[in-house]
Amino acid sequence: MSAFSFALPGRVIFGRGEAQKAPALIRAHGPRGVLVHGANPARAGWLLDALRAEGAEVLAIACGAEPTLPMLEAALAEAKGFGADWVAALGGGAVLDLGKALAALIPAPGGIMDHLEVVGGGLPLAAPPLPYVALPTTAGTGAEATRNAVIGLPDHGRKVSIRDERMLPRLAIVDPALTDHCPRAVTLASGLDALAQVIEPYVSARATPFTDALTRPAIGPGLAALVRLMQAEDAGARDRMAWVSLSGGIALANGGLGAVHGLAGVIGGVSPAAHGAICGVLLGPVLAMNRAHAPDPGRIHEVCGEIAAVLGCDAARAPQALSDWAREAGLPGLAAQGLDPALHQAVAEASLASSSMKGNPFAASIPQLCEVLREAG
């Protein structure tokens, strides 16, 4: 067995109703903190009120979209002088990423560009991040278990990361009840992202026995839970999807991803499309590409078998059946999400520099990636 290592959040609390423990656990890190929440502050009111009841002074910052560099600069300017002891975030993956970035950068002596990958210095943090507590309200990105924060750069047409192992949350509280009654479109897109994040690490060239143990058992149950949630609200299915999302976050942080996320990171920088929806529409075509061209497609065949068992199709049709099911459930194609087909070549070329692409089970060519984009269009 080859050597491997893994890094995890300092502590994970998983279970329905466990979010009620958050105020006291957050307050234990100090009397002053920053709470990042989504566009609707009312959804975070319970936590903000409870923190203040614990005697905390809290600066609340809204994150109404996937974070961009201007958004991060504005939030950091507001938070730097507050004297925060901790940062907490309650929301979807965008909210968790902004919170994670603030926790990393509030103590940092340099500027944001020192630490941004690709377009900046990509330097490790010069000071330890503030204690960070993540409470996801969607089952998708697994950002509660990752060591990076994704930031959009509109002027560059790119999404890049601030990355440091110390950015792993000090505490992740994954309470599936926080995802109950999540809007259907968000459930579908985020759920397909979560599914991609257990499939890609499993077939990744960087897979390890640790990531295999998390991802392989989650694929079939994850898809089955998502199918159920497209039919009706179901607490048990929400529980399973929350576990799949957490498992995928841990796995991608320790085993890498693949072409779905390699392409998605570029598409998100040149279109208004949401990350989960991009990943969802790419998943089937990338599976088909990898099955056709990977030198050892055994794991990909296993994944196709899991998909076929849930969707009731032949394993040979599994990638197309997954795409068809997602479209029928309401997931739009890339063009409808805002990606100009004229950009396919440029997207494919730029994706080859992505760290995610390095985990793909084979080195995809630009024509192969362009075909994926056409299929997903």
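The values are calculated or read from the model by the stated rules, or taken from the named source; none is laboratory data. These numbers come from a predicted model, not from an experiment. With ideal geometry, Cβ positions are generated from the backbone for all residues, glycine too; neighbour counts draw on all protein chains shown. These area figures cover heavy atoms from the full protein model, side chains too; ligands, DNA and RNA do not enter into them. Shrake-Rupley method; radii C 1.70, N 1.55, O 1.52, S 1.80 Å.
Once the Cα atoms of the stretch 274-331 are picked out, what are the Rg and Dmax in Å?
11.3, 34
Among Val281, Ala363, Gly55, which residue has its Cα furthest toward the positive end of the charge dipole of the chain, with +1 on Lys/Arg Cβ and -1 on Asp/Glu Cβ?
Gly55
With all protein chains present, calculate the accessible area of Lys358 using a 1.4 Å probe and round the result to the nearest 10 Å².
Spelled out: Lys358, probe radius 1.4 Å, area about 110 Å².
Apply the membrane-span-like helix rule to the chain: whole DSSP H runs, Cα extent along the own long axis of at least 24 Å, mean Kyte-Doolittle hydropathy at least 0.0. List the helices found.
184-203, 235-255, 275-293
At a probe size of 1.4 Å, how large is the accessible area of Val347, to the nearest 10 Å²?
Counting only protein heavy atoms, Val347 exposes about 0 Å² to solvent.
By how many nm would the segment from Val227 to Arg317 lengthen if fully extended, with 0.36 nm per residue of separation less the alpha-carbon distance?
30.7 nm
Per 0.36 nm of contour for each residue apart, how much would the distance between Asp340 and Glu328 grow if the chain were fully extended, relative to their Cα-Cα spacing?
Taking Asp340 through Glu328 to full extension adds about 2.1 nm, to one decimal.
Considering only protein heavy atoms and a 1.4 Å probe, what is the carbon-and-sulfur percentage of the accessible area of the chain?
Whole-percent figure for carbon plus sulfur exposure: 56.
When all protein chains stay in place, what accessible area (Å², nearest 10, 1.4 Å probe) is found for Trp243?
Solvent-accessible area, nearest 10 Å²: 120 Å².
Taking the Cα centre of the stretch 124-219 as the origin, how large is its charge dipole in debye, to the nearest 20, when only Lys and Arg (+1) and Asp and Glu (-1) carry charge on their Cβ atoms?
Computed charge dipole of the stretch 124-219: roughly 200 debye.
Could you bin all the Cα-Cα distances of the stretch 1-134 into 10 Å bins starting at 0 and give me the percent of pairs in each, rounded to whole numbers?
Over the stretch 1-134, the share of Cα pairs per 10 Å bin runs 12, 41, 33, 12, 2, 0 percent.
So, counting K/R as plus one and D/E as minus one, what does the shell of residues with Cβ under 11 Å around Val286 add up to? Before the final figure, lay out each step's value.
Numbers: positive: Arg291; negative: Glu200, Glu371, Glu375.
Here the charged neighbours net out to -2.
For every other residue with a beta carbon closer than 9 angstrom to the beta carbon of Val174, add +1 if it is Lys or Arg and -1 if Asp or Glu, then tell me the sum.
Net of charged neighbours comes to -3.
Under a 5 Å amide H to amide H cut-off, with H placed in plane at 1.01 Å, what residues pair with Gly91 once short-range neighbours are removed?
Leu135, Thr137
Around Leu369, what is the net charge, scoring Lys/Arg as +1 and Asp/Glu as -1 over all other residues with Cβ under 11 Å from its Cβ?
-2
Let me spell out the model: positive unit charges on the Cβ of Lys and Arg, negative unit charges on the Cβ of Asp and Glu, origin at the Cα centre of the chain. What dipole size does that give, in debye rounded to 20?
Here the size comes out at about 440 debye.
With r defined as the distance between the Cβ atoms of Ala126 and Lys358 and R0 fixed at 30 Å, what FRET efficiency is calculated, to the nearest 0.05? Provide the component values of the computation, followed by the final result.
Working: r = 26 Å, r/R0 = 0.88.
Computed FRET efficiency for Ala126 and Lys358 comes out at 0.70.
How much length is gained on full extension from Arg166 to Ile366, taking 0.36 nm per residue of separation minus their Cα-Cα distance? Don't skip to the end; give the middle numbers.
On the way: separation 200, 0.36 × 200 = 72.00 nm, distance 3.48 nm.
Contour length minus the Cα-Cα distance gives 68.5 nm.
Whenever you get a sec, line up Arg291, Arg299, Arg238 from highest to lowest accessible area (probe 1.4 Å, protein heavy atoms).
From most accessible down to least: Arg299, Arg291, Arg238.
With an 8 Å cut-off on Cα pairs and a minimum separation of 6 or more residues, tell me the relative contact order of the chain in percent. Can you show the working numbers first?
On the way: 794 pairs, mean separation 58.7, N = 377.
It rounds to 16 percent for the chain.
As a test of understanding, state the convex hull volume per residue of the stretch 265-377 from its alpha carbons, in Å³.
93 Å³
What FRET efficiency comes out for the pair Arg43/Ala235, r = Cβ-Cβ distance, R0 = 22 Å, nearest 0.05?
That gives a FRET efficiency of 0.75.
Can you tell me the mean projection area, over all orientations, of the convex hull of the chain's alpha carbons? Units nm², please.
Mean projected area of the Cα convex hull: 16.9 nm².
Tell me, Kirkwood radius of the stretch 228-324 from alpha-carbon pair distances, in Å?
14.9 Å
With each pseudo-label sitting 7 Å past Cα toward Cβ, what's the Phe82-Val12 distance in nm, one decimal?
The answer from the label model is 2.7 nm.
For the stretch 250-305, state the semi-axes of the equivalent ellipsoid (square roots of 5 times the eigenvalues of the alpha-carbon gyration tensor), sorted largest first and rounded to whole angstrom.
Equivalent ellipsoid of the stretch 250-305: 22, 13, 10 Å, largest first.
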